[in-house]
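All remarks here apply to the structure that follows.
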Amino acid sequence: MISLYISGDSWMHRQPAGAKLLAVLALSITVLAAQSLIWLLLLLVGAAGAYNSLGPKGRQRLFASRFLLPLILGLGFAQGFIVGWEAALRATLKIFVMIMTADLVTATTPTQAILNCVERLITPLCRYIGRDPRKISLAVALMIRFIPVLVSQWQAQREAWFARSNRKPSLRLLTPFVAQALSRTDQIAESLQARSPTSRH
Amino acid sequence: MLDNSAMTSTRDLVRIALFAALIAVLGLIPKFDLPFTAGVPITAQTMGVMLAGLFLGARNGFLAIVLFLFVVALGAPVLSGGRGGLGVFFGPTVGFLIGWAAGAWAVGEIYARMKRFQSERIFINALIASLLGGIIPIYVFGIPGLSLIASMTLEKAAMVSLIFVPGDVIKALLAAWLLSKMPEKVR
């Protein structure tokens, strides 16, 4: 599966998923309330250091998120003119710290571990309202499987368009695309149901 | 013999997964070249939010967005521009993402009410539902979110956000047109 997870065995990888999720939540709440520039700078350096400790892949990841830079710096500049440079710097630092630490958890926790964590968390709730918590895993698996299916269906329909016309495909192509996807969905539902008629997915 | 309600439930689940995937795919498709938006980036993904509400109804449309956001949180790079992971939930656009769920619900709810009131005009009903439900709730959540994360005033956050409304109107038109062109049996 396509994922932003980096496989490895660093100290971050060895922490339990639940603890990392809680930590990132607690840290973000603290950061939002923080006022001291020094503390925010220290946190930023700490987060960068954590990426660094993951090895070359971690450093690569740190630079991979630079597509966010224009957005965040743009926001920072806009604010600098309105509320002053110190407040703008503080806001920009906060965003960087929060995004970097949250992404650190994504980079070091396998998708399945997060999924299991969430399943464990909601199982009591599901029992209470009489639903099957495994439905969530099924929905996630189905959705991820549907993405390449939809992409290849879109490409097939584009090719069919080019076979008939030398103009650029128009938005009109969207109609058969969605209609075909929906009717295929109903076939998939029928075959899922046929395989486990007793369980309510 | 197939249990009828179990079949409906399975069908709902698969359709929810389909629309969540559709939103992901709309983020991959290069943005439509519309001449009259003058450089304002249009992510087709909010059109997916409107479509989820229109095709699935309030409850399932809402669940489709929740599933999509959940998969984003799991680390799949399915937001437009290949973004994903827990980081986006702490970034400046988090409010808009939460607003998507509210938006899909609102589109479904408004469309269902309009249909009861006047069932013949599919395009008009869907357009009103997409305009009211697919735009307003997204900004109601998005603007305070931006204001909180980026420590901006609400007015300033509103100003930078509202540039995207013209694009949203085009997406509402597209979504409504798409629903009205659907064959009866899949609608």
The stretch A:104-154, subset of a type in the set (F, W, Y) and either surrounded by 15 or more Cβ atoms within 10 Å (Cβ to Cβ) or under 20 Å from A:D186 (Cβ atoms) (or both), residue farthest from the other protein chains (Cβ to nearest Cβ): A:W154
Members of the stretch B:121-135 found to be in contact with a Leu (Cβ under 8 Å, 6 or more places away or on another chain) and of a type outside the set (G, A, S), listed by number: B:I122, B:F123, B:L127
Filter result for the condition that a residue is within 14 Å of chain A (Cβ to nearest Cβ), surrounded by 20 or more Cβ atoms within 10 Å (Cβ to Cβ) and closer than 28 Å to A:L121 by Cα, over B:G95, B:G99: B:G95
Enumeration of residues in the stretch B:57-72 that are at the interface with another protein chain (Cβ under 10 Å from one of its Cβ atoms) and either under 30 Å from B:N125 (Cα atoms) or surrounded by fewer than 20 Cβ atoms within 10 Å (Cβ to Cβ) (or both): B:L63, B:A64, B:V66, B:L67, B:F68, B:F70
B:K115 being more than 14 Å from the chain's Cα centre (by Cα), within 13 Å of chain A (Cβ to nearest Cβ) and farther than 26 Å from B:F89 by Cα: no
Answer residue from the stretch A:159-194, given it is closer than 18 Å to A:A141 by Cβ and hydroxyl-bearing (S, T, Y) and is surrounded by the fewest Cβ atoms within 10 Å (Cβ to Cβ) among those: A:S191
Verdict on B:G108 being buried (at least 19 other Cβ atoms within 10 Å of the Cβ), within 16 Å of the chain's Cα centre (by Cα), under 30 Å from A:L93 (Cα atoms) and away from chain A (no Cβ under 14 Å): no
Selection from the stretch A:72-120 of residues that are under 15 Å from A:L25 (Cβ atoms) and without any contact (Cβ under 8 Å) to a residue 24 or more places away in the chain: A:V118
A:L173 assigned to a helix (DSSP H, G or I) and either facing chain B (nearest Cβ under 9 Å) or β-branched (V, I, T) (or both): no
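Bear in mind these aren't lab numbers, they're just calculated from the coordinates by the rules spelled out. Treat the numbers as computed from the prediction; the structure is a model and nothing was measured. Cβ sites come from the backbone with ideal geometry, for glycine too, and all protein chains shown count toward neighbours.
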